[in-house]
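Presented below is the structure to which this report refers.
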Amino acid sequence: MAITASLVKELRERTGAGMMECKKALVQTGGDIEAAIELMRKSGQAKAAKRAGRTAAEGVIVIAQDDASRRAAMVEVNCETDFVAKDENFATFAAAVGERALNGAASELEELLNQPLRDGDATTVNEAREALIAKIGENMNVRRFTRFDNAQGEIYSYRHGVRIGVLVELEGGDATLGKDLAMHVAASNPLCVAAEDVPADVLAKEKEIFKAQAMESGKPENIIEKIVDGRVRKYLAEVTLLGQPFVKDTDTSVEKLLKKAGARVLRFQRMEVGEGIEKKQENFAEEVMAQVQGS
């Protein structure tokens, strides 16, 4: 039977799956749309697609590490509710994704999703995700990952609960310092290591804001410049790792702490579950009122 565009369209409307998934299912079932739906339900594609529009802003940060080879990976895996974030099946899946991110060669998220979840397994990360959606009934996403390869220094990690994860590459120092720095990054959320690492566009925008604020004072231009310079210095101290006061001793900056230990932070990465995701605000009173009015 010919796989027509109208047949693919109908299957898309009935399952909510993507065009290519629908066409593939129809080819496999010889154009039998009911059989295609059953096939997609079994694979989890239909349910996964239908739930894809639902906000998944809960979840876990997973860290997988190989100290011997100085490698580490960190992954954010999302779900819709905190309840599912604590589910054993979800946790097992997230841990497996972390190991795949560490041991696989993926450099992009799409590449990671198409790799086998485990060595010798025919099921890809994305297929396993869809199957878990069908089983648990919530939307889930592997949102992002990072991997530290070819480290010159030692890699230290810290996880605050399951919601915040940090990787730090440290040259010099010791394990105690490395762990303390990872905890500091988790707590203070610096933008980058040093002032010279702050993106030029970010710094320019802040300077523009500081100047606009200073000009409202009506002071002379030379005084305004000094005010702006002072605020820029303060801003850089607040957003850079080296400029921040160390969380365990606020009288000492991280820069001074590192100098005392003869150590240097080469890079760090911090992830927090759901950051940047716009969560839908539920108004249950309005929802009930709408149902009452509609009845």
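The conditions are (1) open to solvent by less than 50 Å² (accessible area, probe 1.4 Å); (2) under 20 Å from ARG267 (Cα atoms); (3) over 18 Å from the mean Cα position of the chain (by Cα), and ASP87 fails exactly one of them. Which is it?
Unmet for ASP87, out of (1) open to solvent by less than 50 Å² (accessible area, probe 1.4 Å); (2) under 20 Å from ARG267 (Cα atoms); (3) over 18 Å from the mean Cα position of the chain (by Cα): (2).
Looking only at region 175-222, which residues are open to solvent by 60 Å² or more (accessible area, probe 1.4 Å), farther than 30 Å from ARG70 by Cβ and aliphatic (A, V, I, L, M)?
ALA200, ILE209, MET215 - these are the residues of region 175-222 that are open to solvent by 60 Å² or more (accessible area, probe 1.4 Å), farther than 30 Å from ARG70 by Cβ and aliphatic (A, V, I, L, M).
Is it true that LEU167 is within 21 Å of VAL239 (Cα to Cα) and either open to solvent by 10 Å² or more (accessible area, probe 1.4 Å) or of a type outside the set (D, E, K, R) (or both)?
Spelling it out, LEU167 is indeed within 21 Å of VAL239 (Cα to Cα) and either open to solvent by 10 Å² or more (accessible area, probe 1.4 Å) or of a type outside the set (D, E, K, R) (or both).
Among the listed residues ARG233, ARG264, identify the single one that is open to solvent by 70 Å² or more (accessible area, probe 1.4 Å) and touching an Asp or Glu at 6+ places or on another chain (Cβ under 8 Å). Can you show your working first?
Values: ARG233 fails: touching an Asp or Glu at 6+ places or on another chain (Cβ under 8 Å).
Sole residue among the options that is open to solvent by 70 Å² or more (accessible area, probe 1.4 Å) and touching an Asp or Glu at 6+ places or on another chain (Cβ under 8 Å): ARG264.
List the number of the failed condition for ILE224; all other conditions in (1) under 30 Å from ILE164 (Cβ atoms); (2) touching a helix residue (DSSP H, G or I) at 6+ places or on another chain (Cβ under 7 Å) hold.
Result: ILE224 fails condition (1) only.
Restricting to region 176-226, name every residue that is in contact (Cβ under 8 Å) with a residue 12 or more places away in the chain and β-branched (Val, Ile, Thr).
Selection gives VAL185, VAL193, VAL198, ILE224.
Output the residues belonging to region 61-84 that are within 21 Å of ALA106 (Cβ to Cβ) and open to solvent by less than 10 Å² (accessible area, probe 1.4 Å).
Of everything in region 61-84, those that are within 21 Å of ALA106 (Cβ to Cβ) and open to solvent by less than 10 Å² (accessible area, probe 1.4 Å) turn out to be ILE61, ALA64, ALA72, ALA73, MET74, VAL75, GLU76, VAL77, ASN78.
Can you tell me which residue is nearest to the chain's Cα centre (by Cα) among those in region 232-281 that are of a type in the set (Val, Ile, Thr) and under 21 Å from VAL166 (Cα atoms)? Spell out how you get there, then give the answer.
Looking only at region 232-281, we keep the residues that are of a type in the set (Val, Ile, Thr), and these are 232, 239-240, 247, 250, 252, 254, 265, 273, 277.
With the extra rule that they be under 21 Å from VAL166 (Cα atoms), the set shrinks to 239-240, 247, 250, 254, 265, 273, 277.
Numbers: VAL239: 20, THR240: 21, VAL247: 24, THR250: 29, VAL254: 26, VAL265: 22, VAL273: 6, ILE277: 10 Å.
Filtering first and then ranking leaves VAL273.
Within region 239-295, track down each residue that is of a type in the set (A, V, I, L, M), modelled with pLDDT under 90 and assigned to a loop (DSSP other than H, G, I, E, B). Please lay out each step first, then the result.
First pass over region 239-295, keeping only residues of a type in the set (A, V, I, L, M): 239, 241-242, 247, 254, 257-258, 261, 263, 265-266, 271, 273, 277, 285, 288-290, 292.
With the extra rule that they be modelled with pLDDT under 90, the set shrinks to 277, 285, 288-290, 292.
Of everything in region 239-295, just one residue is of a type in the set (A, V, I, L, M), modelled with pLDDT under 90 and assigned to a loop (DSSP other than H, G, I, E, B), namely ILE277.
Filter region 26-59 down to residues that are over 16 Å from ALA131 (Cα atoms) and either at pLDDT 80 or above or of a type in the set (Gly, Ala, Ser) (or both), then give me how many there are.
So the answer is 16.
Restricting the search to region 97-116, which residues are surrounded by fewer than 20 Cβ atoms within 10 Å (Cβ to Cβ), under 16 Å from ALA64 (Cα atoms) and among the aliphatic types (A, V, I, L, M)?
ALA105, ALA106
What are the pairs, 6+ residues apart or on separate chains, where a residue within region 116-129 that is in a loop (DSSP other than H, G, I, E, B) has its Cβ under 8 Å from a residue that is open to solvent by less than 60 Å² (accessible area, probe 1.4 Å) and of a type in the set (Ser, Thr, Tyr)?
Matching pairs, first to second residue: LEU117/THR123; LEU117/THR124.
Out of all the residues in region 242-256, which are surrounded by 15 or more Cβ atoms within 10 Å (Cβ to Cβ) and free of Cβ contacts under 8 Å to residues at least 60 places away in the same chain?
Quick first cut of region 242-256, residues surrounded by 15 or more Cβ atoms within 10 Å (Cβ to Cβ) only: 242-247, 253-255.
Passing the criteria: LEU242, GLY243, PRO245, SER253, GLU255.
The values are calculated or read from the model by the stated rules, or taken from the named source; none is laboratory data. Predicted model only: the values in this text are computed from it and were never measured. Methodologically, a virtual Cβ is constructed for each residue, glycine included, from the backbone with ideal geometry; neighbour enumeration extends over all protein chains shown. The area values use the complete protein model at the heavy-atom level, side chains included, leaving out ligands, DNA and RNA. Shrake-Rupley method; radii C 1.70, N 1.55, O 1.52, S 1.80 Å.
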